[in-house]
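A.B. asks: After the structure tokens below, expect a handful of questions from me.
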Amino acid sequence: MWKTLQYSSSPWAAYRRVMLHNNHVQKSLAPVVTTPTSSSSTSISSSISISSRRSIVTYYSWRCSSSWTDWNTEALWLGTRNKHLSSSVAKFSTDTKNSHTSNATTTHTNHETPLDCWKFRKDRPTLEYAKAMPRNYSAMSHEQILQLCAEGKYEARKEALIRNIMAIDDVEYDVACDKVLEIAQENRKMMHWEYSPYHMGIFAALVSGGLSFPLIFDKQTVLWFNRHFVTTDVPDAADLETIWEVGSWSWGWMEPVIGQASFVLLVLQFARSQAMKLGMKPYGDAMLSWRSKRLVEKYPQYDSMFVEWFAESEAMYGNHRGKD
């Protein structure tokens, strides 16, 4: 059986050979199956042919979306599955015979279909199924890629764009990857200007946080700041011996500044949340939308959804989750 399938040049040739083998199995099982009525025999025979046809047709529909290219391996897979189906039918026939002989009702339950039995055995994955697990995004199916794209995964969105380029330009995978690199370079042209507010915010936060310590606790810095900007009375030297005494004195003019800055940040955060509830986009989302539209106009031949996903997922340093 296996040797015959190994030289099948098409799936339908393999299908015909499998069905011929199934007919041989049915004839070989005929003397074993002894049932009181003809309807039971017909039911068993129908279950053999229907299960076989469903397994083969379902397998080839799955085969069209898989990455296997070795027909000999697939022929061996078909032979193994058909062998398992034959053994399952034989066990079913034997159980049915014993049930009628003992005049007892026996229910045969098989939790694994002929197609899925190679994936799991006793609720555990088989070695063949473990070896078939995708190890990178290029080996995943379209459905898996689109699901990860909807979740905002950058690598999946990049893979979706690569496949779209392959379909539109009629090119191979490596050529499409080079085109994605070109699109990525175009996408990063304006990133320095787009992210400049974030750079200024990081710089202002670090400088302000670092200067706050000497402006509050360092005696010489506090005296210098008071002499040039505050001009308040200086306590006696005995009251400025420790950093805690210096901080207690400088806090008189530092507290209003720090408190007011904290309040401004608080109300800005509140205003941002209210604007988002109204459907208004904050700066980050507006910038991503502008960038994606610019990239779609630059490459109108490709699907706009994939181009927008890719543009929104790229960041200046590394990658981030794009908008869903």
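A.B. asks: Answer yes or no: is there a residue in the stretch 195-209 that is touching a helix residue (DSSP H, G or I) at 6+ places or on another chain (Cβ under 6 Å) and surrounded by 13 or more Cβ atoms within 10 Å (Cβ to Cβ). Break it down into steps so the answer makes sense when it comes.
C.D. replies: Here is the first cut: in the stretch 195-209, the ones touching a helix residue (DSSP H, G or I) at 6+ places or on another chain (Cβ under 6 Å) are none.
Scanning the stretch 195-209 turns up no residue that is touching a helix residue (DSSP H, G or I) at 6+ places or on another chain (Cβ under 6 Å) and surrounded by 13 or more Cβ atoms within 10 Å (Cβ to Cβ).
A.B. asks: Test K179 against the criterion of being open to solvent by less than 100 Å² (accessible area, probe 1.4 Å), within 28 Å of the chain's Cα centre (by Cα) and among the basic types (K, R), and give yes or no.
C.D. replies: In short, yes.
A.B. asks: Residues in the stretch 265-292 that are within 29 Å of Q185 (Cα to Cα), in a helix (DSSP H, G or I) and of a type in the set (D, E, K, R): how many?
C.D. replies: Qualifying residue count, the stretch 265-292: 2.
A.B. asks: Here's a follow-up. Can you tell me which residue within the stretch 236-262, out of those that are surrounded by 14 or more Cβ atoms within 10 Å (Cβ to Cβ) and among the small types (G, A, S), is nearest to F213 (Cα to Cα)?
C.D. replies: So the residue we want is G247.
A.B. asks: Pairs only if they're at least six apart or on different chains, beta carbon under 8 angstrom, first in the stretch 210-226 and under 16 Å from D236 (Cα atoms), second open to solvent by less than 40 Å² (accessible area, probe 1.4 Å) and among the small types (G, A, S); list them, first residue then second.
C.D. replies: Once the first residue is under 16 Å from D236 (Cα atoms) and sits in the stretch 210-226, its partners that are open to solvent by less than 40 Å² (accessible area, probe 1.4 Å) and among the small types (G, A, S) give V222/S250; N226/S250.
A.B. asks: Of all the helices (runs of 4 or more DSSP H) wholly in the stretch 158-260, which have at least 1 residues that are over 30 Å from Y137 (Cβ atoms)?
C.D. replies: The qualifying helices (runs of 4 or more DSSP H) are 191-194, 196-217, 219-225.
A.B. asks: Take the conditions open to solvent by 50 Å² or more (accessible area, probe 1.4 Å), at pLDDT 90 or above and out of contact with any Gly (no Cβ under 8 Å at 6 or more places or on another chain) and apply them to E159. Does it pass?
C.D. replies: no
A.B. asks: May I pose another question? Do you know which residues across the stretch 274-303 are more than 30 Å from L146 (Cβ to Cβ) and surrounded by 11 or more Cβ atoms within 10 Å (Cβ to Cβ)?
C.D. replies: A275
The values are calculated or read from the model by the stated rules, or taken from the named source; none is laboratory data. As the structure is a prediction and not an experimental result, all values here were calculated from the model. Ideal geometry is used to build each Cβ from the backbone, glycine not excepted, and the neighbour counts take in all protein chains shown. Just so you know, the surface numbers come from the protein's heavy atoms only, side chains and all, with ligands and any DNA or RNA stripped out. Shrake-Rupley method; radii C 1.70, N 1.55, O 1.52, S 1.80 Å.
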